[in-house]
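A short write-up of the structure that comes next.
The values are calculated or read from the model by the stated rules, or taken from the named source; none is laboratory data. Note that the structure is a prediction, hence the values are computed from the model and not measured. Please note: Cβ atoms are built from the backbone with ideal geometry, for glycine as well, and neighbour counts cover all protein chains shown.
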Amino acid sequence: MSEEMLKLTIDKFTFRVPKGLYFNDAGAWVRLEGSVARLGLSDFAQQRSGDMAFAEVKPVETLLKPGDEFASVETIKVNVILPSPVTGAIAEINTALEDAPELINQDPYGKGWLVVVELTDWDSDKTKLLDADAYYALIKVQAEEEVKKS
Amino acid sequence: MTRRVVIVPCSGIGKSYGTVAREGAYVVTEDLRPDTTQLVPLSLLVLGDEQARADVSGAQAITIDGCKLACATKMVAESGGTVAHDLAVLDVYRRHRDLKPSGIAELNEGGQRLAQALAEEVVSLVDALSTADSLPLSQSDGGRAGDGGQDA
């Protein structure tokens, strides 16, 4: 999948932010695909969280509104509950993550996707999300703060 | 002449999974298979210690990595050893989800039990290697060396 990428390099880390995607401030990304949206965990969020041990997503037909948990991941460092960035019903889940949660680390915007949601209120959801430029600015601040702490 | 399988764990400094790797290696080399295994500290390989490199060079090694950087596996290969098996603590944890490790200097109970489970997996690999006739196993004298180096 070829998407134009913003790249943020802080210290020894490089974080990729695809143009055209939307994000919530927890690091969930949204890629519009017609009337559905594919969701995943951003490159910044996965690198910050560490190597994935387990990834669990809510089952198909689960109804979501922004802020509802749609997935959780356990890494070698933290347990992360991911709030949904959109309203709708889960239509598909990435079953490959059951055996290979490391796909989230290896390919966060591709094979490491989490769920597909049938959207029901995108026009409203979109107003609460960050575009790539805004998310880039957010993670730049967060990454610089982490570097100062280390 | 003792035929030994070389065990090289993550240095285990600063992270729970590294500590599990190191503790699991101790269980294998000190308790479960002291006669057929030899611990080689990763820190000595990183520092270029001649004896450690000699122990690894040409030997069959089992590496135990604490994270995806896989320092143990990389250093054994760089030191001329043969990585017969490379284990990752994270993979072992995925098979034992109830054994969540935490703690660094001192592992919690889950971490200690995970180290034991890891050791049992290593032992089965050691036994298979030790009984193979044609493998060029390490011929050096074993014994636990110190592991006071840094994370590689």
For the range A:31-63, name all the residues that are assigned to a loop (DSSP other than H, G, I, E, B) and either touching a helix residue (DSSP H, G or I) at 6+ places or on another chain (Cβ under 8 Å) or not small (Gly, Ala, Ser) (or both). A:Ser42, A:Asp51, A:Lys58, A:Pro59, A:Val60, A:Glu61, A:Thr62
Would you mind stating whether A:Thr120 is more than 14 Å from every other protein chain (Cβ to nearest Cβ), out of contact with any strand residue (DSSP E or B) (no Cβ under 6 Å at 6 or more places or on another chain) and not hydrophobic (A, V, I, L, M, F, W, C)? no
For the subset of the range B:1-34 comprising residues that are at pLDDT below 95 and away from chain A (no Cβ under 14 Å), which member is nearest to B:Ala88 (Cα to Cα)? B:Ser11
Extreme residue, surrounded by the fewest Cβ atoms within 10 Å (Cβ to Cβ), among residues of the range B:66-110 that are away from every other protein chain (no Cβ under 12 Å) and part of a strand (DSSP E or B): B:Thr82
If I ask for residues that are polar (S, T, N, Q), modelled with pLDDT of 95 or more and not in a loop (DSSP other than H, G, I, E, B), which ones from the range A:64-104 would you list? A:Ser72
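Residue-wise test of (1) under 13 Å from the mean Cα position of the chain (by Cα); (2) touching a residue at least 60 places away in the same chain (Cβ under 8 Å); (3) within 22 Å of A:Gln142 (Cβ to Cβ); (4) assigned to a strand (DSSP E or B).
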{"site": "A:Thr9", "(1), (2), (3), (4)": "no, no, yes, yes"}
{"site": "A:Val17", "(1), (2), (3), (4)": "yes, yes, yes, yes"}
{"site": "A:Ala26", "(1), (2), (3), (4)": "yes, no, yes, no"}
{"site": "A:Trp29", "(1), (2), (3), (4)": "yes, yes, yes, yes"}
Restricting attention to the range A:32-83, report how many residues are of a type in the set (Gly, Ala, Ser) and within 14 Å of another protein chain (Cβ to nearest Cβ). 5
Which of the residues that make up the range A:126-136 are surrounded by 13 or more Cβ atoms within 10 Å (Cβ to Cβ), out of contact with any Asp or Glu (no Cβ under 9 Å at 6 or more places or on another chain) and part of a helix (DSSP H, G or I)? A:Lys126, A:Ala134, A:Tyr136
Could you please find all residues in the range B:48-65 being of a type in the set (S, T, N, Q) and either within 13 Å of the chain's Cα centre (by Cα) or within 14 Å of chain A (Cβ to nearest Cβ) (or both)? B:Gln60, B:Thr63
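Each row is one residue, and each column tells you yes or no for (1) surrounded by 13 or more Cβ atoms within 10 Å (Cβ to Cβ); (2) in contact (Cβ under 8 Å) with a residue 60 or more places away in the chain; (3) among the small types (Gly, Ala, Ser); (4) on the phi > 0 side of the Ramachandran plot.
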| position | (1), (2), (3), (4) |
| --- | --- |
| A:Ile104 | yes, yes, no, no |
| A:Gly112 | yes, yes, yes, no |
| A:Val115 | yes, yes, no, no |
| A:Thr120 | yes, no, no, no |
| A:Ser124 | no, no, yes, no |
| A:Gln142 | yes, yes, no, no |
| A:Lys149 | no, no, no, no |
What residue, among those in the range A:31-52 that are among the hydrophobic types (A, V, I, L, M, F, W, C) and crowded, with 21+ Cβ neighbours inside 10 Å, is farthest from the chain's Cα centre (by Cα)? A:Met52
Tally the residues that are among the β-branched types (Val, Ile, Thr), part of a helix (DSSP H, G or I) and closer than 23 Å to B:Val92 by Cα, restricting the search to the range B:14-59. 5
Within the range B:57-65, identify whether any single residue is among the acidic types (Asp, Glu), buried (at least 20 other Cβ atoms within 10 Å of the Cβ) and either modelled with pLDDT of 95 or more or closer than 19 Å to B:Ile13 by Cβ (or both), and answer yes or no. yes
